[in-house]
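Let me begin by presenting the structure, written as structure tokens, before commenting on it.
A short reminder: the numbers here are calculations on the coordinates, not readings from a lab. Computed from a prediction, not measured in an experiment: that's the story for all the values here. Ideal geometry is used to build each Cβ from the backbone, glycine not excepted, and the neighbour counts take in all protein chains shown.
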Amino acid sequence: MSTEEEKEQSNIEGEAAPEETNEAELRQAQFEEAQREVEQFRNLLQRVQADSLNYKRRVEEEREELQKRANANLVIRLLPVLDDFERALQHIPQDDALSPWLAGVELVYRNLEGVLESFGVTHIEALDKTFDPLEHESVFYEVSKNNEEDKVMSVVREGYKLNGRVLRPAQVTVSKRKEEESSPDAT
């Protein structure tokens, strides 16, 4: 090989080395960019999955809340029917001919109570309890010397809860202490 050929060969090799270096740097930069994109897509996918799970949970909660409200509305509409049955059973005529009829009415009443209990409906215990404005509605006061003040003396209309939440407060008569008559003072 001549010197000129060697120079050309060294120029070619010299030029190839910087091209290979630039190409390697370019590939490394592309690889790093691809890794950043993969990480961005991974983060985006994780956020979308979390949003999807939150959406499903929120929809399920809303569905359950809607069902609870629908149940509450149904129960509220059935409570007057239950009240009517209770009143009918309290005013039973003393006629033996009505005995089978009475048994049927009592059966229907017990079945209605059972259905309401299966929905989670419970009576509000009021009689002989301290008046609670969250569960009781005072419709009368009864003056009493023997009982403490704000004690429920009688229940006018039953109150009900649905899963611990008051649907209808109990209407009650509440005790009130007799106020001592003040004697007129001479001034």
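What the table shows:
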quantity	calculated
Placed amide H near Leu167: partners under 5 Å, 5+ positions off or other chain	Tyr160, Lys161, Leu162
Separation of the Ser118 and Phe140 label points, Cα + 7 Å toward Cβ, nm	3.7
Reachable lysines, given that their alpha-carbon falls under 16 Å from the alpha-carbon of Lys129 and they are not under 8 places away in the same chain	Lys151, Lys176
Stretchable slack from Asp128 to Tyr55, in nm (0.36 nm times residue separation minus alpha-carbon distance)	21.5 nm
Cα-Cα P(r), the stretch 99-161, percent of pairs per 5 Å interval	3, 15, 20, 15, 14, 13, 9, 8, 2, 0
Equivalent-ellipsoid semi-axes of the stretch 39-165, from the Cα gyration tensor, Å, largest first	47, 24, 9
